[in-house]
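Participant: Please see the structure below; I have some questions.
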Amino acid sequence: MATGQQVPAREINPDALNAMLGRAVQDMGAALQAPLILIGDKLGLYRAMGDGVPVTPTELAKKTGTAERYVREWLNANAAGQLVQYDTEKGTYFMTPEQALVLALDDTPVHLPGFYHVLASLMKDEEKLTEIYRTGKGMGWHEHEKGLFEGTERFFRPTYLANLVSNWIPALEGMEAKLKAGARVADIGCGHGASTLLMAKSYPNSKFFGFDYHLPSIEKAREKAEAAGVSDRVTFEVAAAKDFPGKDYDLVAFFDCLHDMGDPVGAAGHVRTTLAPGGTWMIVEPFANDDTAANHNPIGRIFYSASATVCVPCSLAQEVGLGLGAQAGPARLEKVVRGGGFAHFRKAAETPFNMVFEARG
Ligand SMILES: C[S@@+](CC[C@H](N)C(=O)[O-])C[C@H]1O[C@@H](n2cnc3c(N)ncnc32)[C@H](O)[C@@H]1O
């Protein structure tokens, strides 16, 4: 409502008001703590506590080459947020094994700091985002502050580590055997190639082709392939989902990107023409229900918020601009896939955060 307008008086329910303010206290603490989590991740403060050995602020500051007065305040904020423990008698701070798994140790399936790099980049983009809410224009992936790209990789990779090779690939009909024997795989919208590289390491007889329309992401993916020693079986090229090159892929994979596309139906149609006979399209999407109200829960809150700042703007910046959103739900996704000419569509796997679909010819 514009300032200066009269608000009609409405009765206030004090219990509802208190409940809302109670939730707000939790949310405000979590939001204000976000920069501290980022600082702790960047300066190695969590990593230095990952072994569970109790430290004083002075010891932690010394270990990490940081300033004691700030570190003391940082530790107390973390203790108040239950991210580290405080030993009242000894005046020391330590991490439980669970706190270390989530915050201190790299490459665990529950590693969370990557999320905070995404958050920081969105805060830096806030003015641009406010403007597109006024104009209705799109905002492409490439138009975001660069922290989004690294943050997205770090945020998603733990989930792929935990699920991709152990659960999702085996859930696709006949795919694990094909990949072990030697298959051709295209990973579309691959970003920094977290999924591509994980598959390439797990299935050394197969060839992997990663594509993304965003050149800086492709360059980063190439560096990572080199560092992982899998450049002999992985290539990364710039290409959009509707016209990526190559044929006879046994598997085409879309990880958390179909809903970001302006023309997902067009992409589906193109995928179909690139598959080998009997080939599979694997679509990994954020978990969502078909019923909007059923997504009004803590996980839906995260996904709708990402959708409102990244996914819908990305789609609206591209041709057609369907704007599926990250909470489209299985029924709308099925419509998109069938619209591309696929006869077979089923949900092959799900976790609380993701749904994995299998589409075939
Ligand atoms: C949320 S990120 C997911 C990245 C990666 N798949 C992962 O799981 O880490 C979405 C990706 O889709 C890419 N993308 C968006 N629209 C695209 C299009 N039309 N063609 C190819 N890539 C696209 C973006 O550049 C971005 O890298």
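Participant: What per residue convex hull volume, in Å³, comes out for segment 14-105 when only alpha-carbon positions are used?
Facilitator: On the way: hull volume 9.9 nm³, N = 92.
Per residue, the Cα convex hull of segment 14-105 comes to 107 Å³.
Participant: Moving on. Restricting to Cα pairs below 8 Å that are 6+ residues apart, what does the relative contact order work out to for segment 230-345? Please round to a whole percent.
Facilitator: Relative contact order here is 32 percent.
Participant: While we're here: Report the far tail of the P(r) of the chain, meaning the percent of Cα-Cα pairs longer than 35 Å.
Facilitator: Values: 20888 of 64980 pairs.
For the chain, the fraction of Cα-Cα distances above 35 Å is 32 percent.
Participant: Sorted by packing (mean other beta-carbon atoms within 10 Å per residue), highest first, where do 280-291, 89-100, 265-276, 32-43 land?
Facilitator: Details: 280-291: 21.5, 89-100: 14.7, 265-276: 19.7, 32-43: 17.4.
The peptides rank, most packed first, as 280-291, 265-276, 32-43, 89-100.
Participant: Of the listed peptides 324-336, 342-354, what is their order by residue-averaged count of other C-beta atoms within 10 Å, with the highest listed first? Before the final figure, lay out each step's value.
Facilitator: Working: 324-336: 19.8, 342-354: 15.6.
Going from most to least packed, we get 324-336, 342-354.
Participant: Going by Cα centres, segment 89-115 and segment 157-206 are how many Å apart?
Facilitator: Here the two parts' Cα centres lie 28 Å apart.
Participant: Determine the relative contact order of the chain: mean sequence separation of Cα pairs under 8 Å and six or more apart, normalised by residue count, in whole percent. Let's see the in-between values first.
Facilitator: On the way: 634 pairs, mean separation 43.2, N = 361.
That works out to 12 percent.
Participant: Something else about it: Compute the separation of the alpha-carbon centres of segment 292-333 and segment 1-78 and state it in Å as a whole number.
Facilitator: Cα centres, segment 292-333 to segment 1-78: 28 Å.
Participant: Starting from 0.36 nm per residue, how many nanometres of slack lie between Glu98 and Ala276 once their C-alpha separation is accounted for? Walk me through the numbers before you get to the answer.
Facilitator: Details: separation 178, 0.36 × 178 = 64.08 nm, distance 4.44 nm.
Gain in length upon complete extension: 59.6 nm.
Participant: Points 7 angstrom from Cα along the Cβ direction at His344 and Arg72: gap in nanometres?
Facilitator: Result for the modelled spin labels: 6.6 nm.
Participant: If you don't mind, another one. How would you order 245-254, 8-17 from highest to lowest mean count of nearby Cβ atoms within 10 Å? If you can, show how the numbers build up before the last one.
Facilitator: Values: 245-254: 19.8, 8-17: 7.2.
Most protected by this proxy first, the peptides run 245-254, 8-17.
Participant: Quick check: net charge around Lys62, other residues with Cβ under 14 Å of its Cβ, Lys/Arg +1 and Asp/Glu -1? Write down the numbers at each step before the final one.
Facilitator: Details: positive: Lys63, Arg69, Arg72; negative: Glu59, Glu68.
Within the 14 Å Cβ shell, the charges total +1.
Participant: Here is a follow-up. Determine the gain in length on full extension of the stretch Ser166-Gln85; use 0.36 nm per residue of separation and subtract their C-alpha separation, reporting nm with one decimal. Before the final figure, lay out each step's value.
Facilitator: Values: separation 81, 0.36 × 81 = 29.16 nm, distance 3.34 nm.
Length gained between Ser166 and Gln85: 25.8 nm.
Participant: Further question on the same structure: Under a point spin-label approximation (7 Å from Cα along Cα-to-Cβ), what is the Ala34-Arg360 distance to one decimal in nm?
Facilitator: Result: 4.3 nm between the two label points.
Participant: State which entries of Lys180/Lys347; Lys62/Lys124; Lys146/Lys247 exceed 25 angstrom in Cα-Cα distance in the structure shown.
Facilitator: Values: Lys180/Lys347 23 Å; Lys62/Lys124 31 Å; Lys146/Lys247 32 Å.
Pairs exceeding 25 Å: Lys62/Lys124; Lys146/Lys247.
Participant: Also: Which FRET efficiency value, to the nearest 0.05, is calculated for Leu112 and Thr58 with the Förster distance at 22 angstrom and r the Cβ-Cβ distance? Before the final figure, lay out the partial values.
Facilitator: On the way: r = 27 Å, r/R0 = 1.23.
Computed FRET efficiency for Leu112 and Thr58: 0.20.
Participant: Can you compute the helix-only [θ] at 222 nm over the chain? Use -39500 (n - 2.57) per DSSP H run of at least 4 residues, normalise by all residues, nearest 500 deg cm²/dmol. Walk me through the numbers before you get to the answer.
Facilitator: Numbers: 15 runs with 166 residues, N = 361.
Rounded to the nearest 500, the figure is -14000 deg cm²/dmol.
Participant: Using 7 Å Cα-to-Cβ label points, what is the Glu127/Glu176 separation (nm, one decimal)?
Facilitator: If labels sit at Glu127 and Glu176, their model points lie 5.2 nm apart.
Participant: In vacuum, with every alpha carbon of segment 77-156 counted as one equal point scatterer, what does the Debye formula give for log10 I(q)/I(0) at q = 0.19, 0.21, 0.24 Å⁻¹? Two decimals, please.
Facilitator: With no solvent term, the Cα-only Debye profile gives -0.85, -0.93, -1.06.
Participant: Efficiency by 1/(1 + (r/R0)^6): what FRET value for Met20 and Ser202, r their Cβ-Cβ distance, R0 = 35 Å, to the nearest 0.05?
Facilitator: Details: r = 47 Å, r/R0 = 1.35.
The calculated FRET efficiency here is 0.15.
No lab work stands behind these numbers, since they all come straight from the coordinates. Fair warning: this is a prediction, and the values are worked out from it, not measured in the lab. Glycine gets a Cβ as well: all are built from the backbone with ideal geometry, and neighbour counts include every protein chain shown.
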